[in-house]
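The values are calculated or read from the model by the stated rules, or taken from the named source; none is laboratory data. It should be emphasised that the depicted structure is a prediction, and the values quoted were computed from it without experimental measurement. For neighbour counting, all protein chains shown are included, and Cβ atoms are generated from backbone atoms with ideal geometry for every residue, glycine included.
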Amino acid sequence: MLKNIFSSYLYEGKCDVSLTKFKKHILETRKKNKQGIIISNRKGWQSNFFNQINNHNQKVFEFLNKEVDKVTKNLNLKDNIKLRSYWYNINNKFCFNVPHTHADYGLVLSGVLYITTPKNSGKIVFTRNDPVCDMMYTSSKVNNYNEYTSSNFTVIPKEKVFLLFSSGTPHYVEPSLSNQDRISISFNYGI
């Protein structure tokens, strides 16, 4: 009998909240702090970290909180989790994010919501936290990759789509080949 002994998750959905005013707020935030901060981003703009919901993103987080609750029911946590931090991202041509996790004490779930996603603006790639997987399951040894043999999982960003994943899941964003901005919000939930 084959058993799954370890597993990870990726929850994907579509935000049913209008993002027009929210996008304007993100662009205004960048105008006020053009330098931003550098964490995993290379060349792109990333805002400071925020932990208070404001009137520009309140409806977005009301929606996301419900979706986060759906995921956490499957995690069987003793305590409820809450929004711990969020930040805005704007990437344009040749901008990317290096491999990283959002792991920190108490963080459980992380995510991203795409506001604008021009064509070829950089895929997000989730990687397996197993350094020998690529050696064991080369393309010459595997007919079709699956959850046991693949070392990465790629998602093409789409407007209004959100992704929720474990804060410890390694991931990166491929370089954008678009001349237009890809705008997103990233966030962390924890105990």
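Here are the numbers for the structure shown:
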read-out	value
Single unsatisfied condition, Asn76 versus (1) of a type outside the set (A, V, I, L, M, F, W, C); (2) under 18 Å from the mean Cα position of the chain (by Cα); (3) loosely packed, with under 12 Cβ neighbours inside 10 Å	(2)
Number of the condition not met by Ser40 [criteria: (1) more than 25 Å from Val125 (Cβ to Cβ); (2) touching a His at 6+ places or on another chain (Cβ under 8 Å); (3) in contact (Cβ under 8 Å) with a residue 40 or more places away in the chain]	(1)
Residue ID - surrounded by the most Cβ atoms within 10 Å (Cβ to Cβ), chosen from residues in the range 24-39 that are part of a helix (DSSP H, G or I) and of a type in the set (Lys, Arg)	Arg30
Hits in the range 1-38 - residues which are under 16 Å from the mean Cα position of the chain (by Cα) and modelled with pLDDT of 90 or more	Tyr9, Leu10, Tyr11, Glu12, Gly13, Lys14, Cys15
Residue that is farthest from the chain's Cα centre (by Cα) [pool: residues in the range 181-191 that are under 24 Å from Leu75 (Cα atoms) and surrounded by 20 or more Cβ atoms within 10 Å (Cβ to Cβ)]	Tyr189
Sole exception among (1) outside any strand (DSSP E or B); (2) within 24 Å of Asn152 (Cα to Cα); (3) in contact with a Lys or Arg (Cβ under 9 Å, 6 or more places away or on another chain) for Asn89, by number	(1)
Among the candidates Thr138, Thr117, Thr149, residue that is within 18 Å of the chain's Cα centre (by Cα) and among the hydroxyl-bearing types (Ser, Thr, Tyr)	Thr117
Criterion: more than 22 Å from Ile191 (Cβ to Cβ), touching a residue at least 12 places away in the same chain (Cβ under 8 Å) and among the polar types (S, T, N, Q) - qualifying residue of Asn51, Asn65, Asn89	Asn89
Selection count where residues are under 22 Å from Ala103 (Cα atoms) and either among the hydroxyl-bearing types (Ser, Thr, Tyr) or assigned to a helix (DSSP H, G or I) (or both), scope the range 40-62	3
Identity of the residue in the range 58-73, at pLDDT 95 or above and either among the hydrophobic types (A, V, I, L, M, F, W, C) or surrounded by 13 or more Cβ atoms within 10 Å (Cβ to Cβ) (or both), that ends up farthest from the chain's Cα centre (by Cα)	Lys59
